[in-house]
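The values are calculated or read from the model by the stated rules, or taken from the named source; none is laboratory data. All values derive from a computational prediction rather than experimental measurement. Note: ideal-geometry Cβ built from the backbone for every residue, glycine included; neighbour counts use all protein chains shown. We work out accessible area using only protein heavy atoms, side chains counted, and drop any ligands, DNA or RNA first. Shrake-Rupley method; radii C 1.70, N 1.55, O 1.52, S 1.80 Å.
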Amino acid sequence: MYVLTDNFSTYVEGFVGTVELTVYASLLALVLGFLMASFRVAPVGSFRVFGAVWVAVLRNTPLTLLFFAVLLGLPRFGLVLPFKVFAILALGCYTSAFICEALRSGINTVPKGQGEAARSLGMSFGQTLNSVVLPQAFRSVIPPVGSTLIALAKNSAIAGAFSVTELLGTYKTLNELGYSIIWTFVWIALGYLIITLTISAIFNYMEKRWGVAR
Amino acid sequence: MAVDPLIELRDVNKYYGELHVLQDINLTVGRGEVVVVIGPSGSGKSTLCRTINRLETIESGHITLDGQALPAEGKALAKLRAEVGMVFQSFNLFAHKTVRQNVSLAQIKVRGRKKDESDKRSGELLERVGLAAHAEKFPAQLSGGQQQRVAIARALAMDPKVMLFDEPTSALDPEMINEVLEVMQQLARDGMTMVVVTHEMGFARSAANRVVFMADGRIVEDRTPEDFFTNPESDRAKDFLSKILKH
């Protein structure tokens, strides 16, 4: 019962670690997902193939395996970075595949004629995508992107297994100190709830603000 | 034949899988000419119209615009498309932008005009199609006929050399067809080069220099409207006209 108040700083440290992982990995996932979605609808065949392979590989690899590959594999090729950065890379790349597909489904909701009209006016592929198609696709991808980022927040727990400071990992310390495992996990769960409910709230707001009016 | 050819199609062929939708199409459109393309559904007339700015690719043949061969994908194609205005059956106004923004967008992005300069030009064009009062509305707030007139203004904003109309009145209520046709008549009188795919025989008679009749992916007749409507040569055209002119 007193595990939270006794070890508040440990909890806060873990909480902040999870928040950091979530925020940075989300940003990476959004940027990469956006890029890959553009690739997948590009007029150039090799870009489409690259996007498709990116999604196929990352979406179909178990996240834990991906963590192993990045954290243990990359240093073998001479790339040595802090484990936290590796964790963000793994999480961000993994989630970008899902973001890409959510964006692409959004792009597919925009009638084909919108893009044709833009192209017939002489707009380039990039201009068409950025000023005509994506602003309309954006409205319909808010809910799925929200779900994907919530999944990312929870997936960040895997980083704890690779000695990155994050919320779930705090249980090990507390368990060794002899605290009740039940209460330890209750407070950890509450920490995750705070993060995921915040993401929900942000996306609910965005949906109200920009979502498709029906 | 036209003296000063602006659009030339030579031996153009297109397939949709097994279906041979355009078969050895040869067509020349002269500068300032209004060519109306008519024919039964599935005859390839919309496809023909869309190949001219490469919204549809072709399998063989040559298309030249103002002496220039139609480029493949990329910057050169975008540049050329800016010279070719296109009006669609389903209007395709940008749903998330106001009427004025619809007309201004490509002026800013493609022509590199300043925003206030573009908006001024958009205002003039909207005035010309009789919609200046609706500039701040969104497309969904307009009737079909109004949306199509905005689409014409949007295409004109690029100062195109030629305008393509792909069944511009087919999605409109009967009472809105005329307001669109009037704008098109005016354009024709002003000397705009136009290729119009339509079922409006009245427009073909009054505004066209030539009528191209298509059936089954081929150009069957290519004559003046007078000749075509009063004295069609082919059985296919006679059959078509007898069906549509009966009522």
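What value, in deg cm²/dmol to 500, does the helix sum -39500 (n - 2.57) over DSSP H runs of n ≥ 4 give at 222 nm once divided by the residues of chain B?
For chain B, the value works out to -11000 deg cm²/dmol.
Could you work out the mean count of beta carbons from other protein chains within 10 Å of each residue's beta carbon in A:128-135? Walk me through the numbers before you get to the answer.
Working: counts 2, 0, 1, 8, 8, 1, 0, 4.
Across the residues of A:128-135, the mean count of other-chain Cβ atoms within 10 Å is 3.
Which value, in Å² and to the nearest 10, is the accessible area of A:Tyr205 when all protein chains are kept and the probe is 1.4 Å?
So the heavy atoms of A:Tyr205 present about 140 Å² to solvent.
State the percentage of accessible surface on segment B:1-104 attributable to carbon and sulfur atoms; use a 1.4 Å probe and exclude ligands, DNA and RNA. If you can, show how the numbers build up before the last one.
Values: 2090 of 4250 Å².
On segment B:1-104, the fraction of accessible area on carbon and sulfur atoms equals 49 percent.
Mind listing which GluC sites (Glu not before Pro) in segment B:144-247 are in a DSSP loop and have 16 or fewer other Cβ atoms within 10 Å? It would help to have the intermediate numbers written out before the result.
Numbers: sites: B:Glu175, B:Glu179, B:Glu182, B:Glu200, B:Glu221, B:Glu226, B:Glu233; in loops: B:Glu200, B:Glu233.
When the GluC sites (Glu not before Pro) of segment B:144-247 are filtered for loop state and at most 16 Cβ neighbours within 10 Å, B:Glu233 remain.
Specify the angular offset, from 0 to 90 degrees and rounded to the nearest 10, of the alpha carbon long axis of helix B:99-109 from the longest principal axis of the alpha carbons in chain B.
90 degrees
What are the aspartates and glutamates whose alpha-carbon lies under 17 Å from the alpha-carbon of B:Lys120, with same-chain residues fewer than 8 places away excluded?
B:Glu136, B:Asp159
Could you tell me how many degrees, from 0 to 90 and to the nearest 10, lie between the Cα long axis of helix B:174-189 and the main elongation axis, the longest principal axis, of the Cα atoms of chain B?
90 degrees
Just in segment A:15-122: which trypsin sites (Lys or Arg not before Pro) are loop by DSSP and have at most 14 other Cβ atoms within 10 Å? It would help to have the intermediate numbers written out before the result.
Values: sites: A:Arg40, A:Arg48, A:Arg59, A:Arg76, A:Lys84, A:Arg104, A:Lys112, A:Arg119; in loops: none.
Counting only loop positions with at most 14 other Cβ atoms within 10 Å, none of the trypsin sites (Lys or Arg not before Pro) in segment A:15-122 qualifies.
Report, to the nearest whole %, how much of the accessible area of segment A:18-165 belongs to carbon and sulfur atoms, 1.4 Å probe, protein only. Don't skip to the end; give the middle numbers.
Working: 4520 of 6460 Å².
Answer for segment A:18-165 is 70 percent, counting heavy atoms of protein chains only.
Determine the relative contact order of chain A: mean sequence separation of Cα pairs under 8 Å and six or more apart, normalised by residue count, in whole percent. Don't skip to the end; give the middle numbers.
Details: 242 pairs, mean separation 63.8, N = 214.
The normalised contact order for chain A reaches 30 percent.
Nearest 100 Å² is fine: how much accessible area is buried between A and B, summed over both sides, with a 1.4 Å probe? Please report the intermediate quantities before stating the final value.
On the way: alone 11760 and 11730 Å², together 21830 Å².
So the total buried area for this chain pair works out to about 1700 Å².
Hey, what do the phi angles of segment A:28-40 turn into as Karplus ³J(HN,Hα) couplings, whole Hz, using 6.51/-1.76/1.60 and θ = phi - 60°, x for Gly and Pro?
So the Karplus estimates, Gly and Pro as x, are 4, 5, 5, 5, 5, x, 4, 4, 5, 5, 4, 4, 5 Hz.
Largest first, what is the accessible-area ranking of B:Ile108, A:Ile182, A:Ile194, A:Ile188 with a 1.4 Å probe? Present the calculation step by step, with values, prior to reporting the outcome.
Numbers: B:Ile108 65, A:Ile182 115, A:Ile194 90, A:Ile188 5 Å².
Ranking B:Ile108, A:Ile182, A:Ile194, A:Ile188 by accessible area, largest first, yields A:Ile182, A:Ile194, B:Ile108, A:Ile188.
Given the whole protein assembly as supplied and a 1.4 Å probe, what does the accessible area of A:Trp183 come to in Å², nearest 10?
The accessible area comes out at roughly 90 Å².
Between 0 and 90 degrees, rounded to the nearest ten: what's the tilt of helix A:83-109 against the longest Cα principal axis of chain A?
Once rounded, the angle reads 40 degrees.
Where does the Debye-calculated log10 I(q)/I(0) of segment B:89-159 sit at q = 0.16, 0.20, 0.24 Å⁻¹, using only Cα point scatterers of equal weight, no solvent?
-0.44, -0.69, -1.00
Ordering B:Glu124, B:Glu83, B:Glu18 by how much accessible area each has at a 1.4 Å probe, largest first, what is the list? Intermediate results must be reported in sequence, preceding the final value.
Working: B:Glu124 90, B:Glu83 50, B:Glu18 180 Å².
Greatest to least solvent exposure: B:Glu18, B:Glu124, B:Glu83.
Would you tell me the mean number of C-beta atoms belonging to other protein chains that fall within 10 Å of each C-beta in B:205-212, as a whole number?
Working: counts 0, 0, 0, 0, 0, 0, 0, 0.
Shielding by partners across B:205-212 averages 0.
GNM on chain A, C-alpha springs below 10 Å: top fluctuator among A:Leu32, A:Leu72, A:Leu91?
Largest GNM mean-square fluctuation: A:Leu72.
Out of the DSSP beta bridges found with both residues in the protein assembly as shown, what percent are antiparallel (nearest 5)? List each step's numbers first, then the result.
Values: 20 of 37 bridges.
Antiparallel: roughly 55 percent of the beta bridges in the protein assembly as shown.
Percent relative contact order of chain B, based on C-alpha pairs within less than 8 angstrom and at least six residues apart? Could the numbers behind the result be given before it?
Working: 447 pairs, mean separation 64.3, N = 247.
Once normalised by length, the contact order is 26 percent.
Using protein chains only and a probe of 1.4 angstrom, how many square angstrom of A:Tyr24 are accessible, to the nearest 10?
120 Å²
With every protein chain present, what is the per residue accessible area of segment A:18-165 (1.4 Å probe, Å²)? Write out the running numbers ahead of the final one.
Numbers: 6460 Å² over 148 residues.
Normalised by residue count, the accessible surface of segment A:18-165 is 44 Å².
Check the straight Cα-Cα distances from B:Lys243 and name the lysines below 19 Å, setting aside those fewer than 8 residues away within the same chain.
B:Lys45
Would you calculate a helix-derived [θ] at 222 nm for chain A, using -39,500 (n - 2.57) for each DSSP H run of n ≥ 4 and dividing by the full residue count, to the nearest 500?
Only helices count here, giving -24000 deg cm²/dmol.
Can you list the residues of segment B:66-95 that have at least 20 square angstrom less accessible area with all protein chains present than in their chain by itself, probe 1.4 Å?
Those are B:Glu73, B:Ala78, B:Arg81, B:Phe88, B:Asn92, B:Phe94, B:Ala95, which lose 20 Å² or more relative to the chain on its own.
Specify the longest stretch of chain B that does not include any exposed loop site, a site being one of the trypsin sites (Lys or Arg not before Pro) with a non-H, G, I, E, B DSSP assignment and at most 12 other Cβ atoms within 10 Å.
Details: sites that count: B:Lys114, B:Lys246.
So the longest stretch without any such site is B:115-245.
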